[in-house]
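Undergrad: The structure under discussion is supplied below as structure tokens; questions concerning it will follow.
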């Protein structure tokens, strides 16, 4: 039998652990309650002072002093929460106040901290305030993906040549886990990225090019045409698919001619993307090739071809009706489904 | 006869008691490791999400698109409290102003017949598929075929996802191309105030069964699944709230029909295929997206649910038994799978043996009451302490239960859990295992009360 003495010892340890857990649980509750009350009070004071400074545009020394006397956490919270709803002159005034109060200096120090969590916090504050600080630019090459992603978010509001080229380099980084943040930031920069992105696409043909193509598709500048045509022959399926989508967004005779060729690509994703792009362009001249794709062995290609035929108007509808009477039952089935679609669902 | 039984029980108690106690301590010791792991993971996660801005995700054309799949059968009480049976589609048509539509979809997976398709005039994003009943897996497979999103969120029709839950769930997919599925936290809605499909005010239920399940769910999600994130990955994502790469699920063949643990089976299969074929295979648990679900408040329904869960677990582990201790499947084969097999699956059997021997020992006078009480308290004491630490984890991170009443109730339910409730779940799980061995695969019925605007205590 297990000795009672052993059970007693184990029991004592367990009781001690339980008592510790319960004390911590309730004490933490009390602490949370008190902290919440204190934070509410201080935040209210901070918000009122900050609102007066930012909205009225008058530099009131008393309000600055009130903000300076708040704990750093409260300063950060109040500054960041108001920054989301400000732009232009209001944001400029907020930056000034944040500088005066010490929020900016603290954030800069955090950006240089050895712990990634601190660097992330620093980058978030400077991003929230849209401060063009070279320290955040450096963070685009940070060891931690979350910090790199945050730096990319900051970069969206800083579309300088230096920042754009650093961002494009991140697209080429195969290890980056912040690709979405980088692509999204490039997209938010707008047409200013067209030149550097075009150069980037001319010199890359790997996965990074695929990521670049997806950004280019949203900008859809004619200057991407040469790269899109070149990359439509890339080995990587994803790159070819993205090139087809970009060609569809740019449109034009050259793009259409290449897209028609791509309808015969060895990969179904590329064929489907090409068919969809031709439909998007309303390129009725490709009607017969699209009708041919209704016989494709892959469902997704047949679907995109059918929808593209419907999108190009009367010639496409005629070809769909013909497919109904054809010998290929898959083509006929898809044609029937597309023709059955209500007007609003087509394309 | 009595002497023979007494001699046998004595022998068993002498030799087996130490083993049972050791087993309890080993299991709880491992839970302690999980608790520390989840504490570290939670700290990292809280630092990562502090002050993050998720609004960019909503406005970006690059954000992955999500289709939500919510199989509904006999859910009219959840949709509208008319209380009638088998009118789910009619209630949906009336409630959401549905009109019949046609669409093109690929029959990727063989499913039961689709009768008709509707789209809501009020909410154009809502599509309702009316099909022959073929079980939850069949409905999800139809949903997978109709879905257009890159990601699909599988949820229960009676689950309430918090407003920014999906934005939070999608993060791992953006940070790593290796992620195939993510799961969020499920919390108990019983006792909370629900208005317009949102939880307005959280409260710990005062109902015994629902209250204990709050503690159970916190423990399962906050230290069970979160702990595994750091120790090699999860193999469970709740069927009530999970986000998957649609293409990966289709390539894996969708949900299996002939299992009651279709959600876990899919996750294990995705994980297994990632080792066998390559490709994405990371299963991430994200603690901050929350979905609220109604839990059973009667022992009858709860028993059926636990029985089904355990049958599902046994079935999944049996189907993928080749992963056990197989180095080809990395950490999953060497650590995660054995944990589920030897701790999650077999724990109720060991526990039942220990309890039955103790009761027999008492009945036959082999064990005295003092010793039995001490043994019982020792065996369950560490588990209670660990549960109390889980409550601290919740308090340190999300602190959804703020009032003194809620705290006191949580602690009270944590204490009460081992005084009968746990033993009941042991019985139900052993019954589930027995039924699995006998080949039973039915679901049983869940009685829905619907989300009524319950007034939470202040």
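Undergrad: Once you average over the residues of B:371-377, how many Cβ atoms of partner chains fall within 10 Å of each Cβ? Walk me through the intermediate numbers first.
TA: Details: counts 5, 0, 1, 6, 5, 0, 5.
Mean shielding count: 3.
Undergrad: Taking the Cα atoms of the stretch B:238-294, what is the range of coordinates along each of the three principal axes, in descending order and whole Å?
TA: 37, 27, 16
Undergrad: For the stretch A:251-347, what does the relative contact order come out to in percent, with C-alpha contacts under 8 Å and a separation of six or more? It would help to have the intermediate numbers written out before the result.
TA: On the way: 145 pairs, mean separation 23.0, N = 97.
Relative CO of the stretch A:251-347 lands at 24 percent.
Undergrad: With angles folded into 0 to 90 degrees, how steeply does helix B:347-363 sit against the dominant principal axis of chain B? Use alpha carbons for both and round to 10.
TA: Taking the Cα atoms of chain B, the angle to B:347-363 is about 30 degrees.
Undergrad: Enumerate the residues in the stretch B:180-202 having an amide nitrogen under 17 Å from the point lying 7 Å beyond the Cα of residue A:36 toward its Cβ.
TA: B:192-193, B:199-202
Undergrad: Residues of A:178-191, mean number of Cβ from any other protein chain within 10 Å of their own Cβ, rounded to a whole number? Walk me through the intermediate numbers first.
TA: Details: counts 2, 5, 12, 5, 0, 4, 8, 2, 1, 4, 3, 0, 0, 0.
Per residue, the number of nearby Cβ atoms from other chains is 3 on average.
Undergrad: Counting pairs of alpha carbon atoms under 8 Å apart in space and at least six apart in sequence, what relative contact order in percent does chain A give? Intermediate values should be presented prior to the final figure.
TA: On the way: 457 pairs, mean separation 23.9, N = 347.
Once divided by the residue count of chain A, the mean separation gives 7 percent.
Undergrad: Now for a different question. How much space per residue, in cubic angstrom, does the convex hull of the C-alpha atoms of chain A take up? Don't skip to the end; give the middle numbers.
TA: On the way: hull volume 91.4 nm³, N = 347.
Here the figure is 263 Å³ per residue.
Undergrad: How large are Rg and Dmax for the stretch B:321-443 when only the alpha carbon atoms are used, in Å?
TA: For the stretch B:321-443, the Cα radius of gyration and maximum Cα-Cα distance read 18.6, 51 Å.
Undergrad: Mind grabbing the base-10 log of I(q)/I(0) for chain B at q = 0.09, 0.10, 0.11, 0.14 Å⁻¹? Debye formula, identical points on the C-alpha positions, no solvent, two decimal places.
TA: Results for chain B at q = 0.09, 0.10, 0.11, 0.14 Å⁻¹ read -0.62, -0.77, -0.94, -1.53.
Undergrad: To continue, here is another question. Modelling each spin label as a point 7 Å along the Cα-to-Cβ direction, I'd like the residue A:333/residue B:251 distance in nm, to one decimal.
TA: 2.4
Undergrad: Computed on alpha carbon atoms, what radius of gyration and Dmax characterise the stretch B:252-348, expressed in Å?
TA: In Å, with Rg to one decimal and Dmax whole: 14.9, 45.
Undergrad: Just tell me how shielded A:121-133 is by partners: mean number of partner chain Cβ atoms within 10 Å of each residue's Cβ, no decimals.
TA: Working: counts 3, 0, 0, 4, 1, 0, 2, 2, 0, 0, 0, 0, 0.
That average works out to 1.
Undergrad: For A:28, B:320, which order do you get if you count the other beta carbons within 10 Å of each Cβ and list the fewest first?
TA: Details: A:28 16, B:320 21.
In increasing order of surrounding Cβ atoms, one gets A:28, B:320.
Undergrad: Inverting the mean 1/r over all pairs of different Cα atoms, compute the Kirkwood radius of the stretch A:251-347 and quote it in Å.
TA: 12.7
Undergrad: So how many Å³ per residue does the convex hull of the Cα atoms of the stretch B:368-439 work out to? It would help to have the intermediate numbers written out before the result.
TA: Numbers: hull volume 9.5 nm³, N = 72.
Spelled out: Cα convex hull of the stretch B:368-439, divided by residues, is 132 Å³.
Undergrad: Tell me, A:241, A:202, B:294, B:276 in order of fewest to most beta-carbon neighbours within 10 Å?
TA: On the way: A:241 25, A:202 14, B:294 22, B:276 11.
Placing the least packed residue first, the sequence is B:276, A:202, B:294, A:241.
Undergrad: Go through B:234-244, A:190-200 and give me the packing order, highest mean Cβ count within 10 Å leading. It would help to have the intermediate numbers written out before the result.
TA: Values: B:234-244: 24.5, A:190-200: 17.3.
Sorting B:234-244, A:190-200 by mean packing, highest first, produces B:234-244, A:190-200.
Undergrad: Rule-of-thumb check for the stretch B:154-206: C-alpha Rg over 2.2 N^0.38 Å? Mind dumping the intermediate values first?
TA: On the way: Rg = 13.8 Å, N = 53, 2.2 N^0.38 = 9.9 Å.
In units of the 2.2 N^0.38 Å rule of thumb, it is 1.38.
Undergrad: Hey, another quick one. Where does helix B:165-175 land angle-wise versus the long Cα axis of chain B, in degrees 0 to 90, nearest 10?
TA: Around 90 degrees separate the two axes.
Undergrad: Could you state the orientation-averaged shadow area of the convex hull built on the Cα atoms of the protein assembly as shown, in nm² to one decimal? Present the calculation step by step, with values, prior to reporting the outcome.
TA: Details: hull surface 156.0 nm².
For the Cα atoms of the protein assembly as shown, the hull's average projected area reads 39.0 nm².
Undergrad: Using a Gaussian network for chain A with springs between C-alpha atoms less than 10 Å apart, which of these wobbles most: A:231, A:42, A:309?
TA: A:42
Undergrad: Can you give the FRET efficiency to the nearest 0.05 for residue B:230 and residue A:69, using r as the Cβ-Cβ distance and R₀ = 51 Å?
TA: Values: r = 41 Å, r/R0 = 0.80.
Computed FRET efficiency for residue B:230 and residue A:69 comes out at 0.80.
Undergrad: Hey, another quick one. Compute the length gained on full extension between residue A:28 and residue A:199: take 0.36 nm times their separation in residues and subtract their Cα-Cα distance, giving the result in nm to one decimal.
TA: On the way: separation 171, 0.36 × 171 = 61.56 nm, distance 5.66 nm.
Gain on extension, residue A:28 to residue A:199, equals 55.9 nm.
Undergrad: Another question about this same structure. When only Cα pairs under 8 Å and 6 or more residues apart are kept, what is the percent relative contact order across chain B? List each step's numbers first, then the result.
TA: Values: 708 pairs, mean separation 97.9, N = 458.
Relative CO of chain B lands at 21 percent.
Undergrad: How high is the FRET efficiency between residue B:59 and residue A:322 when r is their beta carbon distance and R₀ equals 56 Å, given to the nearest 0.05? Numbers along the way, then the final one.
TA: Numbers: r = 43 Å, r/R0 = 0.77.
According to the calculation, E is roughly 0.85.
Undergrad: Say each of residue B:4 and residue A:235 gets a label point 7 Å from the Cα, pointing the same way as Cα to Cβ; how far apart are those two points in nm?
TA: Result for the modelled spin labels: 7.7 nm.
Undergrad: Relative to the longest principal axis of the C-alpha atoms of chain A, give the angle of the C-alpha long axis of helix A:207-219, reported between 0 and 90° and rounded to the nearest 10°.
TA: Compared with the principal axis, the helix lies near 80 degrees.
Undergrad: A further question follows. Mind giving me the nanometre distance, one decimal, between the label points for residue A:47 and residue B:396, set 7 Å out from Cα along Cα→Cβ?
TA: 3.0
Undergrad: As a footprinting exposure proxy, order A:136, B:356, B:295 by other Cβ within 10 Å, with the fewest listed first.
TA: Numbers: A:136 28, B:356 12, B:295 23.
Ranking A:136, B:356, B:295 by Cβ neighbours within 10 Å, fewest first, gives B:356, B:295, A:136.
No lab work stands behind these numbers, since they all come straight from the coordinates. Just so it is clear, the model here is predicted, and its values are computed rather than measured. Because the Cβ atoms are built from the backbone with ideal geometry, glycine has one as well, and the counts that use them run over all protein chains shown.
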